[in-house]
1. Between residue 64 and residue 151, what is the FRET efficiency for a Förster distance of 45 Å, r being their Cβ-Cβ separation, to the nearest 0.05?
2. Nearest 10 degrees is fine. How inclined is helix 7-24 to the longest principal axis of the chain, computing both from alpha carbons?
3. Using 0.36 nm per residue, how much length does the chain from residue 138 to residue 50 gain when fully extended, once their Cα-Cα distance is taken away?
4. To the nearest 0.05, what FRET efficiency results for residue 116 and residue 37 with a Förster distance of 30 Å applied to their C-beta separation?
5. With 5 Å bins from zero, work out the P(r) of the chain over every alpha carbon pair and list the percent per bin.
6. Over the range 17-122, with the other protein chains present, what is the accessible area per residue in square angstrom, probe 1.4 angstrom?
7. Given a cut-off of under 8 Å on Cα pairs at least six residues apart, what relative contact order in percent is computed for the range 58-154?
8. Of the heavy-atom accessible surface of the range 64-106 (probe 1.4 angstrom), what whole percent is carbon and sulfur?
Amino acid sequence: MAKASGGQNTAGTVERLVRPVVEGMGLRLWDVRFEKEGPDWFLRIFIDRDTPLDTDTCEAVSRAIDPVIDAADPIDQSYFMEVGSPGLGRRLTRPEHFGPYVGQKIAARLIRPNESGARELEGALLAFENGAVTIDTAAGPVRFALSDASFVKLCDDEDLF
C-alpha cells in the first residue's frame with residue numbers, strides 16, 4: 001500500500017482502516033485527525049456512543065485498532081496515537097454530525113468575515129443542507145458553507161463558551 005501523505009489523506013486512510021473495527025465494537029467513529037503540534041505528529045481517533053465513554057473503552061479501541069494500523073503501515077513519520085471522546089464542545093465536521101444537533105447552540109468561526117463583517121457566529125443550529133450551515137443568530141439567520149469555516153462546534157456546556 002502506498003503511504004499517505006499530508007494530514008487529510010492520512011486521516012482518510014486511517015479512517016477507512018479503523019471504521020469497521022470501531023463500529024464492530026458497537027461505537028461510532030466521530031472523526032480522525034492527523035495533526036502536527038510543534039515537532040510531533042498526533043493521530044487522533046475520536047469515538048462516540050449514546051452513553052458516556054470511559055477510559056477503559058478508549059483503551060480497548062486503541063488496543064483493537066493498533067495492530068490494524070501497524071499492519072497497513074499508512075504513515076511514514078513517527079506519531080503518537082490518541083483515542084478519545086469528541087467531548088464537550090465537539091467539532092461538527094461532517095454532514096452526519098449536524099442532524100442530531102438541530103436546535104442546539106453552536107459556535108462557528110469563519111475563515112473570512114461574511115458580507116455583514118461577522119467572523120464569529122453563535123446561535124441555534126437551524127439546518128445543514130448541501131454543505132451549508134444555517135444558524136439562528138441574535139441578528140437573524142446566517143447561512144455559510146461549512147468549507148468557509150475554520151470550525152463549527154457544539155456549545156453543550158455554557159460554562160465553556
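The values are calculated or read from the model by the stated rules, or taken from the named source; none is laboratory data. Predicted model, so just to flag it, every value in this text is computed and none were measured. Cβ atoms come from the backbone with ideal geometry, glycine included; neighbour counts cover every protein chain shown. These area figures cover heavy atoms from the full protein model, side chains too; ligands, DNA and RNA do not enter into them. Shrake-Rupley method; radii C 1.70, N 1.55, O 1.52, S 1.80 Å.
1. Details: r = 29 Å, r/R0 = 0.65.
About 0.95, to the nearest 0.05.
2. So the helix axis and the longest Cα principal axis differ by about 70 degrees.
3. On the way: separation 88, 0.36 × 88 = 31.68 nm, distance 3.09 nm.
Extending this stretch completely gives an extra 28.6 nm.
4. Numbers: r = 34 Å, r/R0 = 1.12.
So the FRET efficiency works out to roughly 0.35.
5. Here the calculated profile for the chain is 2, 8, 17, 18, 17, 15, 12, 8, 3, 1, 0.
6. Details: 5920 Å² over 106 residues.
Per-residue value: 56 Å².
7. On the way: 135 pairs, mean separation 25.7, N = 97.
After rounding, I find 26 percent.
8. Numbers: 1150 of 2250 Å².
With neighbouring chains kept in place, the figure for the range 64-106 is 51 percent.
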